[in-house]
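The structure appears right after this line, and notes come after that.
The values are calculated or read from the model by the stated rules, or taken from the named source; none is laboratory data. Since this is a predicted model, take the numbers as computed values, not measurements. Using ideal geometry, Cβ is built from the backbone for each residue, glycine included, and neighbour counts are taken over all protein chains shown.
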Amino acid sequence: MQDKYNHLEVEASAQAHWTAADAYRVVEDLSKKKFYACSMLPYPSGKLHMGHVRNYTINDMLARQLRMNGYNVLMPMGWDAFGLPAENAALKNGVPPAQWTYDNIAYMKKQMQAMGLAIDWSREVTTCDPSYYKWNQWLFLKMLEKGIAYRKTQVVNWDPVDQTVLANEQVIDGKGWRTGAVVEKREIPGYYLKITDYAEELLGTVQSHLPGWPERVKLMQENWIGKSEGVRFAFTHDIHDASGALIGDGRMYVFTTRADTIMGVTFCAVAPEHPLATHAAASNPALAAFIEECKKGGTTEAELAAREKVGMRTGLQVVHPLNGHLIDVWVGNYVLMSYGDGAVMGVPAHDERDFAFALKYDLPIVEVVHVDGEHYDYHHWHDWYGDKQRGVTINSDSFSGLSFQEAVDAVSHALQIKGLGEKKVTWRLRDWGVSRQRYWGTPIPIIHCDEHGAVPVPEKDLPVVLPQDCVPDGSGNPLHKHAGFHAGVVCPVCGQPARRETDTMDTFVDSSWYFMRYCDPKNDQQMVAEGANYWMPMDQYIGGIEHAILHLLYARFWTKVMRDLDLVKVDEPFTKLLTQGMVLNHIYSRKNEKGGIEYFWPAEVEDVIDATGKVTGAKRKVDGSLVTYEGVGTMSKSKNNGVDPQDLIEKYGADTARLYTMFTAPPEATLEWNDAAVEGSYRFLKRVWAFGAKLLATDFAATSAVVASAASLKDVEFGKEAKALRLEVHTVLKQVDYDYQRMQYNTVVSGAMKLLNALEDFKAPESAGAQVALVEGFGILLRCIYPVTPHIAHGLWSELGYADRFGELLDAPWPQVDPLALVKDEVELMLQVNGKLRGSILVPAGASKEAIEAAALAHEVYLKLANGAAPKKVIVVPGRLVNVVI
């Protein structure tokens, strides 16, 4: 064994050993308790980042420690390999997305292996592999049969120059990101999945089936599903289209959760695509231009919410259903046609958005809900305007004087009598559009026939294989022009020449069930089988908070569909969820001569600090020029504040990287990068190695035999110092064991540091008992740090011979707290004289009250203070203190 720690040699040796033993291959074993721990699969972007290192180390620590506790643990890995970034890289580099993707996978896999992760690579899944996406297609067809999948038109962003559909993030200020052309909104056919059919269950099981999820994630799920109980009703009108027919049968429907405010409606707003807006625009060029402007940019609710709310009067009016007043109709850029009926009622007095809109366009504001003790200000919004708990209706004719629920009931009843409305439950959740007019994704298994329309591909012909030789050039989906993709395609119904569907599936489809495929990764006959019955539901899922809504929601929906198709037996896929915090680093920048922002690596600058120690700026080391300190933010290549894990591993080793990311902050908290702390982690590992080398020089072999036998350990004569060491070791072990159970890995590491300090500080006369205490303590330390730093722990465990006594560290039994070691021979009591702390005394653990009093009265501090006087009273608080009153 080398005296000094060489991380390169230690880690290479350990990894070679694990590879030769195929140490991480997992099989189903009914004789063991199973545990399925999984990190969210990464996108193969090219390199791991420190967020990956942190995520996977959390998972690895969990998996290794549970395996030592006798669990059959599955920790798989795969690649979310389809998607837009690969196409963008193809445009930039002129290489097929397939080549770029597989090259990145190879490099990132090599990085993961360098981290020493206990991944069962025999279960590796790559979502762009036909053996995987065949089952996307198969289940899509099953959904089509059941009516869960269906086809309808959808509104998309269309770049007229590139002749392609753009994702919302590719639309910048209403223009295509690549061409700069003004983006058009087009309606084209696409496929949808009826996730709304599962809305009630998806909402209900958030609280009943997900006790191991963070509350904020559950709240985000609930809000996204968005169950609303309210009233859907119609404003009537007499507006006819060009053919003379009443538009919408003379009714403009809206939905509201605040039917109690219906008498305060002073305007209505419709989406730019609403039939009334289209009708009004036909004779109003200014309105037509405004509507076209509204259609530019993104189409998501989040994007519209961030926009300035603007509108334009249509010149049309509708009739209020209860008081008969004429209500002006506006077009609002904040109203989505795809949500509800594409129209909203405007109640400025009691809705903050409507209030701002009314002030902007000088529209009437009518207070119809009053709260006692409050005074309404028509020029400034106050939160109580929207208070439905304390409010009572006013200015509402026969509906005045009612509480919220009373008013809702009365209004809905009145509308129902008129045949104009009724109570209704609506959902924010919308059906999932899975069609993407892009190349790099799962081909949708549909064939288009002139006579029979859209026809499903027969199951025997799956998978529909995506060509991997396409190089997108920005002129639209290359599948349109790929002769091989369409060659020989005939209609499954009539046998006549036909054409394949060129849309591909949303990549959320790939990530909605990959964790199931890990259970049966090589099964070419079934999507999932007995493996899923054994492993699912997943016991612990680990990933970023950024996936808290869509990915998790789609995965939950996909699981319920698979359950209803008798593919799996679980209602929910993930029992527990941990959302790890982001890795942050300092950001330094300044504007360059052209007005752009230039970023500098933290190593290039030195901070400027004021008298209070606060960083106020920075200077470049090379020339002393000033730069701006922006604080800390998420690591990013674009901001030059990232840390390359590969550089870190080469300089300090994977164990140091793992140790640092676990020690610096709890798993859920953000981690602020600190180079000095990385050095500190490396120094700790060097100390561990040095202590092992020192221990090996003693009579280790004979002592380890005693440590390995619980019976022999009981017969060892431990001196005072050895007992104190064992007390410290087993006390820390008890806390470390608890911290592992609650996944507080930062305190696990701090516990390991306490163990090493205790071992290094141990000084006792040479004896068999002292040697046993050291060997036992170091064996416990190695097992405690093994899940976080497996390479050095494996190396020392093997070199010192623990493996001969306890077996391979991978499956060595987790150390157990020895109750006898926690029994103290002596206890320390605080000594008080007249209530003031004056020192302490050591007494036997079982000392009587009389013995404790005698020890206190014999203490030199008491004798000095008493000066011969007899004590008036001696108060003993068992286990804590003794107070002598003189």
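Being closer than 22 Å to HIS413 by Cβ and assigned by TED's automatic domain parsing to the domain that holds PHE235, is that true of even one residue in segment 371-387? Walk me through it before giving the result.
Pass one, segment 371-387, residues closer than 22 Å to HIS413 by Cβ: none.
Looking for residues that are closer than 22 Å to HIS413 by Cβ and assigned by TED's automatic domain parsing to the domain that holds PHE235, one finds none in segment 371-387, hence no.
Only one entry in LYS569, LYS522, LYS576 is of a type in the set (Lys, Arg) and under 21 Å from ILE225 (Cα atoms), namely LYS576. Helices (runs of 4 or more DSSP H) fully within segment 1-104 that include at least 1 residues being under 18 Å from the mean Cα position of the chain (by Cα), within 23 Å of ILE649 (Cα to Cα) and not assigned by TED's automatic domain parsing to the domain that holds ALA690: 50-68. Within segment 582-601, can you find the residues that are in contact (Cβ under 8 Å) with a residue 40 or more places away in the chain and either farther than 30 Å from LYS637 by Cα or in contact with a strand residue (DSSP E or B) (Cβ under 6 Å, 6 or more places away or on another chain) (or both)? Result: MET582, VAL583, LEU584, HIS586, ILE587, TYR588, SER589, TYR599, PHE600.
Among residues belonging to segment 506-523 that are acidic (Asp, Glu) and modelled with pLDDT of 95 or more, point out the one that is surrounded by the most Cβ atoms within 10 Å (Cβ to Cβ).
The residue in question is ASP510.
Among the residues of segment 707-723, at least one is surrounded by fewer than 23 Cβ atoms within 10 Å (Cβ to Cβ), in contact with a helix residue (DSSP H, G or I) (Cβ under 9 Å, 6 or more places away or on another chain) and under 28 Å from GLU9 (Cβ atoms). Scanning segment 836-859 for residues being at pLDDT below 90, surrounded by fewer than 11 Cβ atoms within 10 Å (Cβ to Cβ) and not in a loop (DSSP other than H, G, I, E, B) gives a total of 0. Say whether the condition of being over 24 Å from the mean Cα position of the chain (by Cα) and of a type in the set (Asp, Glu) is met by at least one residue in segment 121-136. The answer is yes, given that some residue of segment 121-136 is over 24 Å from the mean Cα position of the chain (by Cα) and of a type in the set (Asp, Glu). In segment 230-264, of all residues being surrounded by fewer than 21 Cβ atoms within 10 Å (Cβ to Cβ) and among the hydroxyl-bearing types (Ser, Thr, Tyr), the one that is nearest to ASP341 (Cα to Cα) corresponds to TYR253.
In segment 283-294, the residues that are closer than 17 Å to ASP241 by Cα reach residues that are among the aliphatic types (A, V, I, L, M) and loosely packed, with under 14 Cβ neighbours inside 10 Å with C-beta atoms within less than 9 angstrom, at least six apart or across chains, in these pairs: ALA288/ALA282. Considering only residues in segment 188-229 that are more than 27 Å from VAL254 (Cβ to Cβ) and of a type in the set (Gly, Ala, Ser), the one that is surrounded by the fewest Cβ atoms within 10 Å (Cβ to Cβ) turns out to be SER208.
Among the residues of segment 648-697, write down those that are buried (at least 23 other Cβ atoms within 10 Å of the Cβ) and aromatic (Phe, Trp, Tyr). Across segment 648-697, the qualifying residue is only TYR660. Taking the criterion of being of a type in the set (D, E, K, R) and not in a loop (DSSP other than H, G, I, E, B), would at least one residue in segment 361-380 satisfy it? No, segment 361-380 contains no residue that is of a type in the set (D, E, K, R) and not in a loop (DSSP other than H, G, I, E, B).
Determine whether TRP135 is aromatic (Phe, Trp, Tyr) and closer than 22 Å to MET538 by Cβ.
On the way: aromatic (Phe, Trp, Tyr): yes; closer than 22 Å to MET538 by Cβ: yes.
The answer is yes for TRP135.
Of everything listed in (1) touching an Asp or Glu at 6+ places or on another chain (Cβ under 6 Å); (2) free of Cβ contacts under 8 Å to residues at least 24 places away in the same chain, the single unmet condition for ALA693 is (2). Somewhere in segment 234-254, is a residue under 25 Å from ILE417 (Cα atoms) and acidic (Asp, Glu)? Looking for residues that are under 25 Å from ILE417 (Cα atoms) and acidic (Asp, Glu), one finds at least one in segment 234-254, hence yes. Among residues of segment 106-117 that are assigned by TED's automatic domain parsing to the domain that holds PRO76 and buried (at least 17 other Cβ atoms within 10 Å of the Cβ), those with a Cβ under 8 angstrom from a residue that is β-branched (Val, Ile, Thr) and not in a helix (DSSP H, G or I), sequence gap 6+ or separate chain, pair up as MET112/ILE119. In the set (1) closer than 30 Å to SER475 by Cα; (2) within 23 Å of the chain's Cα centre (by Cα), MET115 fails one condition alone, (1).
Among residues of segment 407-424 being in contact (Cβ under 8 Å) with a residue 60 or more places away in the chain, under 45 Å from the mean Cα position of the chain (by Cα) and not in a strand (DSSP E or B), the one that is surrounded by the fewest Cβ atoms within 10 Å (Cβ to Cβ) is LEU420.
Would you confirm whether or not segment 745-764 contains a residue that is surrounded by 14 or more Cβ atoms within 10 Å (Cβ to Cβ) and among the charged types (D, E, K, R)? Break it down into steps so the answer makes sense when it comes.
Going through segment 745-764, the residues surrounded by 14 or more Cβ atoms within 10 Å (Cβ to Cβ) turn out to be 745-756, 758-759, 762, 764.
Those left that are additionally among the charged types (D, E, K, R): 754.
Yes, there is a match, as at least one residue in segment 745-764 is surrounded by 14 or more Cβ atoms within 10 Å (Cβ to Cβ) and among the charged types (D, E, K, R).
Being without any contact (Cβ under 8 Å) to a residue 24 or more places away in the chain and among the polar types (S, T, N, Q) is the filter; apply it to segment 724-743 and report the residue that is surrounded by the fewest Cβ atoms within 10 Å (Cβ to Cβ). The residue in question is GLN741.
Of all residues in segment 524-544, exactly one satisfies the criterion of being crowded, with 22+ Cβ neighbours inside 10 Å and assigned to a loop (DSSP other than H, G, I, E, B), namely MET536.
Modelled with pLDDT under 95 and hydrophobic (A, V, I, L, M, F, W, C): which single residue out of ALA81, ALA21, ALA86 fits that description? Quick ask: steps written out before the conclusion?
Numbers: ALA81 fails: modelled with pLDDT under 95; ALA21 fails: modelled with pLDDT under 95.
Going through ALA81, ALA21, ALA86 in turn, just one is modelled with pLDDT under 95 and hydrophobic (A, V, I, L, M, F, W, C): ALA86.
Taking segment 385-402 as the region of interest, how many residues are surrounded by 16 or more Cβ atoms within 10 Å (Cβ to Cβ) and closer than 22 Å to GLU229 by Cα? Give the derivation first.
First pass over segment 385-402, keeping only residues surrounded by 16 or more Cβ atoms within 10 Å (Cβ to Cβ): 385-386, 388, 391-394, 396, 399, 402.
Still in the running and closer than 22 Å to GLU229 by Cα: 385-386, 388, 391-393, 396, 399, 402.
Residues meeting the conditions: 9.
Across segment 717-754, the number of residues qualifying as of a type in the set (Lys, Arg) and not in a helix (DSSP H, G or I) comes to 1. Checked against the criteria, TYR150 does not count as over 28 Å from LEU30 (Cα atoms), surrounded by fewer than 17 Cβ atoms within 10 Å (Cβ to Cβ) and under 25 Å from the mean Cα position of the chain (by Cα). When residues in segment 657-676 are screened for being in a helix (DSSP H, G or I) and modelled with pLDDT under 95, 2 of them pass.
Counting only residues that are assigned to a strand (DSSP E or B) and under 13 Å from ILE875 (Cβ atoms), segment 817-835 holds 5 of them.
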